[in-house]
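The values are calculated or read from the model by the stated rules, or taken from the named source; none is laboratory data. Model, not experiment: these values are computed from the prediction. When we count neighbours, we look across all protein chains shown, and the Cβ atoms used for this are built from the backbone with ideal geometry, even at glycine.
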Amino acid sequence: MSERVIAIIGARLNSSRLPGKQLLDLAGRPLITHVVMRLRKIAKIDEIVLATTADDFNEPLVAWAEGLDLPYLAYDGDVNNLMSRVDTVVKRHDAGIVMYVCGDSPLIDPPTLSKRLDLLMADPGGDVVDPPPLPDGRNYIHEGVAIYRRRFWDRMIEGAAEPFELEHVGAVYHVLKKVMPEKVVYAPEEPIFSTTEHRISVDTPSDYRFMRRIYDDWFSTHDGETVVDLRHVIERLQNEPELQDINAHVRQRQVEDTSVKVTLLTQCGPGVGLGHVSRMTVAAGALQDFLSAGVSVLIEGPKSRHWELDILPHRYVDTLTEEIVVEHLEENRPDILVADLADEKDWLVPVIQRCHELGVRTVIIDKPWAVGEANLNYFPSFYLSEETAQATNGKAVFGWDSFLLPTVPHKAKTNETVRRCVILTGAADVDGLGKVWPDLLAEHVPADVEITWVQGPYADPPEISKPSENFDISVAPQNLAGTLYGYDAALCVYGVSLFECLLAGVPAVAVRPGERISNEEWTVFSESGACLPSEVEDGPGKLRDLIENREQRRELHAQGRERMSGGGRRFAEVVRGLIDQKEVTP
């Protein structure tokens with residue numbers, strides 16, 4: 001009688017770094033559906049079963065399994081005892097060979113797993129099947145699957161007693177070497193799998209951004225029922241450094257890590273724009289990537305289209321109040337409270353004082369609010385006035401490495417000619433440039449240059465006297481920062497989108513935003529060489545000059561990229577320092 005092969009997908013939606021990750025969208029399907037699709041390509045698997053827990057938080061996973069007609073277990077025992085949860089499935093389904101699959105690994109390779117199953121089933125003496133070890137401590141790229149014969153699985157169950165041994169499938173063998181197989185069957189690997197090491201599981205927002213890019217690109221040219229070929233992914237990683245950069249910085253969570261919790265407060269709306277929310281999504285992602293932190297975001301303002309928020313625990317409120325914030329703090333007890341607010345709130349000081357009582361350290365973003373109360377003021381800017389530095393009593397961090405910008409693809413080099421340019425006036429176009437610039441752009445920009453006008457979510461449409469084929473309007477585009485590298489030049493109001501252009505390596509004309517920044521800050525920026533500075537009325541004319549001057553574009557391309565850094569690494573370092581109660585060096 002042949003051994004029953006049961007593939008058991010372990011999944012819970014309670015991940016601290018990326019809650020709900022298994023049901024996040026990948027190319028129109030939940031991420032975990034792609035895991036099932038790949039397993040269904042393996043002929044020798046007799047049954048695929050979801051192993052989750054019976055708490056309310058994971059009911060959506062149960063509903064997903066039912067919708068897919070997939071057997072499942074909603075385990076009602078200790079939620080942290082993954083070994084017992086999987087063992088319940090093993091026993092109920094009479095598994096002869098146990099294939100454990102992580103539900104956050106949508107690049108598991110069907111041909112590789114088929115070959116491993118064949119070799120183990122052909123060798124009755126084998127307890128487990130593994131790839132042969134690589135020299136110099138190197139690793140194969142694929143991950144997320146382990147295959148055991150039932151007798152060895154039972155030995156691991158018997159040997160697992162401590163919390164770590166129960167929380168991680170196979171830890172008594174793979175990590176602790178406490179239970180060892182009598183025979184390991186080694187399955188030779190395709191050489192390409194040892195040529196590149198890169199994260200292909202989804203644990204953080206940056207991992208999800210990477211996987212989303214891989215899947216979107218694949219299905220733009222392939223049928224929806226195909227599976228993304230891991231070999232193709234490896235070739236892309238070897239040829240596209242910017243693809244690696246999306247999540248190469250993510251820190252692998254360690255066994256000894258303690259849970260870090262951070263609450264972020266922010267605002268959005270017609271009078272505020274989306275800049276504060278955008279910064280906080282970057283800050284949250286950096287904390288998850290570099291500190292393995294759990295985050296939550298409270299947002300004052302109307303709901304906005306911002307897909308990055310979909311992968312963060314967040315809540316909108318009409319108005320942030322002392323009661324709302326304190327209630328959240330007392331329920332969640334974070335280690336750090338971060339406030340990125342457009343205007344100072346009368347409740348901020350008492351909230352910070354309550355934080356001190358609870359042992360919560362505090363960071364104020366971009367403003368010298370709560371002077372003498374907050375533990376630190378963090379300025380995501382290259383500039384800090386002497387007056388502000390004095391007001392914060394030396395508790396300020398700023399610099400070109402302090403920007404809170406998403407890691408984005410970078411324009412490798414400047415083109416000989418400008419074919420596409422982008423116009424960025426801010427989320428609300430508070431300067432009313434949509435009434436002024438369209439006709440000036442028609443006058444100054446050559447007719448063979450495509451113009452994309454980005455209309456912010458709170459902005460009015462641009463007023464165009466004479467419609468033109470080279471003028472396109474993009475209304476509140478998703479992932480704008482990730483597309484900027486595709487433009488050859490930009491005209492931007494000084495603000496977040498301008499610095500995203502610099503990070504993407506796009507030569508830009510920077511326009512002073514009325515009186516919203518000081519003369520001193522504008523002077524320092526103008527002299528930095530990062531952009532071509534301009535007043536409002538001269539912006540379209542300066543864009544024409546930039547279009548016509550390739551050497552200037554090349555210089556700005558180099559200068560901007562050299563100065564900028566994204567991803568929030570510096571911010572995560574600052575927060576780590578506060579948690580450790582170390583001195584922070586501005």
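Before moving on, here are some points about what is shown:
- Of all residues in the range 141-162, none are closer than 28 Å to Leu31 by Cα, aromatic (Phe, Trp, Tyr) and in a loop (DSSP other than H, G, I, E, B).
- When the test is whether a residue is part of a helix (DSSP H, G or I), in the same structural domain as Glu189 (by TED's automatic domain parsing), closer than 29 Å to Arg199 by Cα and small (Gly, Ala, Ser), Ala51 does not pass it.
- Condition broken by Asp488, with the remaining ones in (1) closer than 18 Å to His557 by Cα; (2) without any contact (Cβ under 8 Å) to a residue 40 or more places away in the chain; (3) not β-branched (Val, Ile, Thr) satisfied: (2)
- Taken together, the residues in the range 178-205 that are in contact with a helix residue (DSSP H, G or I) (Cβ under 7 Å, 6 or more places away or on another chain), assigned to a helix (DSSP H, G or I) and buried (at least 18 other Cβ atoms within 10 Å of the Cβ) amount to 1.
- Lys21 on the phi < 0 side of the Ramachandran plot, surrounded by 22 or more Cβ atoms within 10 Å (Cβ to Cβ), touching a Leu at 6+ places or on another chain (Cβ under 7 Å) and in contact (Cβ under 8 Å) with a residue 12 or more places away in the chain: yes
- For the condition modelled with pLDDT under 95, among the basic types (Lys, Arg) and either at negative phi or buried (at least 17 other Cβ atoms within 10 Å of the Cβ) (or both), Arg569 qualifies.
- Applying the criterion of being in contact (Cβ under 8 Å) with a residue 60 or more places away in the chain and part of a helix (DSSP H, G or I) to the residues of the range 256-280, the residue that is surrounded by the fewest Cβ atoms within 10 Å (Cβ to Cβ) is Gly275.
- Yes/no for Leu61 being assigned to a helix (DSSP H, G or I), touching a Ser or Thr at 6+ places or on another chain (Cβ under 7 Å) and either surrounded by 17 or more Cβ atoms within 10 Å (Cβ to Cβ) or of a type outside the set (Lys, Arg) (or both): yes
- Taken over the range 393-411, the criterion of being over 21 Å from Arg279 (Cα atoms) and either in contact (Cβ under 8 Å) with a residue 24 or more places away in the chain or part of a helix (DSSP H, G or I) (or both) is satisfied by Gly394, Lys411.
- Filter result for Glu469 (more than 23 Å from Lys413 (Cβ to Cβ), of a type in the set (D, E, K, R) and free of Cβ contacts under 8 Å to residues at least 12 places away in the same chain): yes
- Summed over the range 517-535, the residues that are touching a residue at least 12 places away in the same chain (Cβ under 8 Å) and either in a loop (DSSP other than H, G, I, E, B) or touching a Leu at 6+ places or on another chain (Cβ under 7 Å) (or both) give a count of 8.
- Residues in the range 528-541 include none that are in contact with a Pro (Cβ under 7 Å, 6 or more places away or on another chain) and in the same structural domain as Asp448 (by TED's automatic domain parsing).
- No other residue among Ile214, Ile246, Ile234 is of a type outside the set (S, T, N, Q), at pLDDT below 90 and not assigned by TED's automatic domain parsing to the domain that holds Asp340 apart from Ile246.
- Single residue of Arg544, Arg512, Arg554 found to be assigned by TED's automatic domain parsing to the domain that holds Leu480 and surrounded by fewer than 17 Cβ atoms within 10 Å (Cβ to Cβ): Arg554
- Failed item, numbered, when Gly432 is tested on (1) within 30 Å of Leu546 (Cα to Cα); (2) touching a residue at least 12 places away in the same chain (Cβ under 8 Å); (3) surrounded by fewer than 19 Cβ atoms within 10 Å (Cβ to Cβ); (4) not aliphatic (A, V, I, L, M): (2)
- Test for Trp369: is it over 28 Å from Asn479 (Cα atoms), part of a loop (DSSP other than H, G, I, E, B) and not β-branched (Val, Ile, Thr): yes
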